[in-house]
Amino acid sequence: AVTVVGSANLDQIVRVVRLPAPGETVTTTGLREGPGGKGLNQAVAAARSGAAVTFVGAVGRDSGADLLLGHLRDNAVSTRHVARVDGPTGSAIVMVDDEGENAILVTSGANGQVPPLPDGTDEWLACDVVLLQLELPSRTVLQCAVAARSRGVRVLLNAAPAAPLPDGLLEATDLLVVNETECRTLAGVESLESAAHELARRVPVVVVTLGARGAMWFEDGRLRGELPPPAVSPVDTTGAGDAFCGALAARLAAGDTVEEAVRFALVAGALSTQGHGADTAPTLASVRSVLGVT
Ligand code: ADP
């Protein structure tokens with residue numbers, strides 16, 4: 001089983017001919033509303049990859065909250081440990097222009113109110129893997145990682161979006177997933193290779209996702225492999241990292257080795273680029289058919 005402690009947002013994706021300048025009013029060419037937030041996206045991705053998933057987080061008491069909880073439940077994710085708090089549900093306004101350039105406004109809302117040890121119980125720690133990102137208060141991320149580690153639960157940290165980490169978080173992490181930008185930012189080193197080696201000295205397993213080039217991974221400080229994703233023509237790469245992380249967590253919880261889980265997650269990430277928006281993580285069956293297993 002996988003527990004995801006993370007953010008849930010209501011995304012409003014607006015299409016514009018070009019992004020507005022300060023003081024300017026721009027008429028959009030379309031508006032789509034849907035579930036988002038790295039935590040929610042990764043929980044759904046893990047469930048579609050076959051894991052029993054519990055989501056831990058917070059939403060408001062508004063209609064956006066109902067939509068997010070409904071989406072989680074429709075995807076068989078347990079919402080028993082989602083708190084309902086005063087204040088708005090987290091949200092993001094994503095502006096995308098004709099060139100594919102974007103600008104994003106995030107309101108943390110309820111996500112900013114997830115306490116250091118959510119729920120007051122440790123029921124959410126009855127799992128094989130805890131998956132964390134950086135869209136909750138940093139003290140919450142740290143405390144959850146430390147609590148999981150002390151219970152012998154494997155801690156997966158997706159250090160996204162790129163941000164400084166609280167002291168002690170890397171030390172409580174068993175497996176770190178970063179993209180190229182996050183890898184460089186976290187290590188504070190310009191060369192990707194040096195940055196990755198630096199992180200691999202500090203965390204037992206490090207996976208660096210490389211977009212269309214796939215991923216490389218390190219175990220015990222050494223580079224163990226680099227693999228490409230299956231060849232696809234991407235339509236929209238939003239949420240590819242989330243699909244990758246959710247799938248990776250699901251496969252590790254199922255007992256896969258790191259290499260097996262990375263191979264699976266590469267396919268999940270690539271397939272997620274075949275649809276628009278963030279809610280594009282593929283099912284176990286579709287990943288298996290690409291992998292040629294049944
Ligand atoms: P993020 O979305 O966090 O920036 P990446 O861009 O590294 O992360 O993508 C994560 C994973 O998604 C990759 O490892 C790969 O499996 C898949 N992916 C992303 N972009 C592409 C692409 N253009 N073609 C095929 N797979 C892709």
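From the list R224, R213, the one residue that fits, being farther than 30 Å from V96 by Cβ and basic (K, R), is R224. Annotation: S289 fulfils all but one of (1) under 19 Å from N158 (Cβ atoms); (2) away from the ligand (no atom under 11 Å from the Cβ); the unmet one is (1). Identify all residues within segment 221-264 that are over 21 Å from G34 (Cα atoms), within 7 Å of the ligand (Cβ to nearest atom) and crowded, with 24+ Cβ neighbours inside 10 Å; write none if there are none. Residue satisfying the conditions is P229 alone. Close contacts from segment 257-281, counting a first residue that is more than 26 Å from I93 (Cα to Cα) and a second that is near the ligand (Cβ under 7 Å from one of its atoms) and part of a helix (DSSP H, G or I), with Cβ to Cβ under 6 Å and a gap of 6+ residues or different chains, come to A265/F244.
Looking across segment 179-207, the residues that are touching a helix residue (DSSP H, G or I) at 6+ places or on another chain (Cβ under 8 Å), within 30 Å of G275 (Cβ to Cβ) and more than 8 Å from the ligand (Cβ to nearest atom) come down to C183, R184, L186, L192, A196, V205, V206, V207.
Would you confirm whether or not segment 7-24 contains a residue that is closer than 22 Å to R251 by Cα and touching a residue at least 24 places away in the same chain (Cβ under 8 Å)? Yes, that holds for at least one residue. For segment 270-281, check the following and say yes or no: at least one residue is at pLDDT 95 or above, within 27 Å of V153 (Cβ to Cβ) and either more than 8 Å from the ligand (Cβ to nearest atom) or part of a loop (DSSP other than H, G, I, E, B) (or both). For segment 270-281, residues at pLDDT 95 or above, within 27 Å of V153 (Cβ to Cβ) and either more than 8 Å from the ligand (Cβ to nearest atom) or part of a loop (DSSP other than H, G, I, E, B) (or both): present.
Of all residues in segment 64-79, those being touching a strand residue (DSSP E or B) at 6+ places or on another chain (Cβ under 7 Å) and surrounded by fewer than 18 Cβ atoms within 10 Å (Cβ to Cβ) number 2. Taking the numbered list (1) more than 24 Å from A247 (Cβ to Cβ); (2) within 16 Å of the ligand (Cβ to nearest atom) in turn, R213 passes all entries but (1).
Being small (G, A, S) and either over 20 Å from the mean Cα position of the chain (by Cα) or under 18 Å from Q133 (Cα atoms) (or both) is the filter here; which residues of segment 157-199 pass it? Residues satisfying the conditions are A159, A160, A162, A163, G168, A172, A187, G188, S191, S194, A195. Of all the listed residues (R201, R139), the sole one being over 22 Å from K38 (Cα atoms) and free of Cβ contacts under 8 Å to residues at least 40 places away in the same chain is R201.
Would a scan of segment 123-131 turn up a residue that is among the acidic types (D, E) and part of a helix (DSSP H, G or I)? Looking for residues that are among the acidic types (D, E) and part of a helix (DSSP H, G or I), one finds at least one in segment 123-131, hence yes.
The values are calculated or read from the model by the stated rules, or taken from the named source; none is laboratory data. Please read all numbers here as calculations on a predicted model, not as lab measurements. Neighbour counts are summed over all protein chains in view; Cβ atoms, including those assigned to glycine, are modelled from backbone coordinates with ideal geometry.
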